[in-house]
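The values are calculated or read from the model by the stated rules, or taken from the named source; none is laboratory data. This is a predicted model, so every value here is computed, not measured. So basically every Cβ, Gly included, is an ideal-geometry build from the backbone, and we count neighbours across all protein chains shown. The accessibility values were calculated without ligands, DNA or RNA, using every heavy atom of the protein model including side chains. Shrake-Rupley method; radii C 1.70, N 1.55, O 1.52, S 1.80 Å.
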Amino acid sequence: MDTLRDVNQRTQQTVRAQAPLHQFSVPLSATRRGARLARLLAAEQLDAWDVPLDPARLLVAELAANAVLHGRVPGRSFRLTLVVSEPGVLRIEVTDTRAEALPVRTAATAAPAESGYGLLLVGTLADRWGVRLGPVPCKTVWAECGFAPPGSGSRRKDRHGRRSPDAARLSRR
């Protein structure tokens, strides 16, 4: 029969196993300056965690710009969250207060345009991305990308299992 101490130790081990390796979250003003600050803060945090800056920095820039452009409510902020929940997987989340303004997955158009390519960029750079609704009135647009953990000596693989030629160079930064 297990003692209370045994149960507590197992519970603590389970909690430690489920806790993310790294987590960073910050509210930012829903302005161009806030979007720029999101990119700069993300770059600093990723560097501190020895996570390659690219493509994560580009994903943060695009998701933050979309939150400012399409998810802005006067007087409300957006939230940037970075999470490394397991070695080699970075999750980027940007939460804004316009759940009714959902991103639309579109295909590349034949006619050139000045805008509208942001989510195509996210889809290309991220291994996976999507939208999570709630809590009301919020939505969270997230993207995940893999990276070679420091000291692994392996290269980053894309969503198709192919090795990225520049991952080794990026992971040394």
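For the reader, a short list of remarks on this structure follows.
- Residue in segment 64-74 that is under 16 Å from residue 25 (Cα atoms) and either touching a residue at least 40 places away in the same chain (Cβ under 8 Å) or in a helix (DSSP H, G or I) (or both) present: yes
- Every residue from segment 34-72 that is touching a Pro at 6+ places or on another chain (Cβ under 8 Å) and of a type in the set (A, V, I, L, M): 46
- For segment 123-138, taking the residues that are open to solvent by 10 Å² or more (accessible area, probe 1.4 Å) and part of a strand (DSSP E or B), the one that is farthest from residue 26 (Cα to Cα) is identified as 128.
- Residue check: residue 15 meets all listed conditions (1) modelled with pLDDT of 85 or more; (2) among the hydrophobic types (A, V, I, L, M, F, W, C); (3) open to solvent by 80 Å² or more (accessible area, probe 1.4 Å) but one, namely (1).
- Residue among 51, 84 that is farther than 18 Å from residue 121 by Cα and in a strand (DSSP E or B): 84
- Within segment 66-76, the set of residues being aliphatic (A, V, I, L, M), out of contact with any Gly (no Cβ under 7 Å at 6 or more places or on another chain) and buried (at least 17 other Cβ atoms within 10 Å of the Cβ) comprises just one member, 67.
Yes/no matrix, rows are residues, columns are (1) modelled with pLDDT of 90 or more; (2) open to solvent by less than 20 Å² (accessible area, probe 1.4 Å):
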site	(1), (2)
78	yes, yes
81	yes, yes
89	yes, no
94	yes, yes
102	no, no
105	no, no
113	no, no
121	yes, no
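- Put simply, of 42, 35 the only residue that is at pLDDT 95 or above, of a type in the set (A, V, I, L, M), buried (at least 19 other Cβ atoms within 10 Å of the Cβ) and more than 19 Å from residue 149 (Cα to Cα) is 35.
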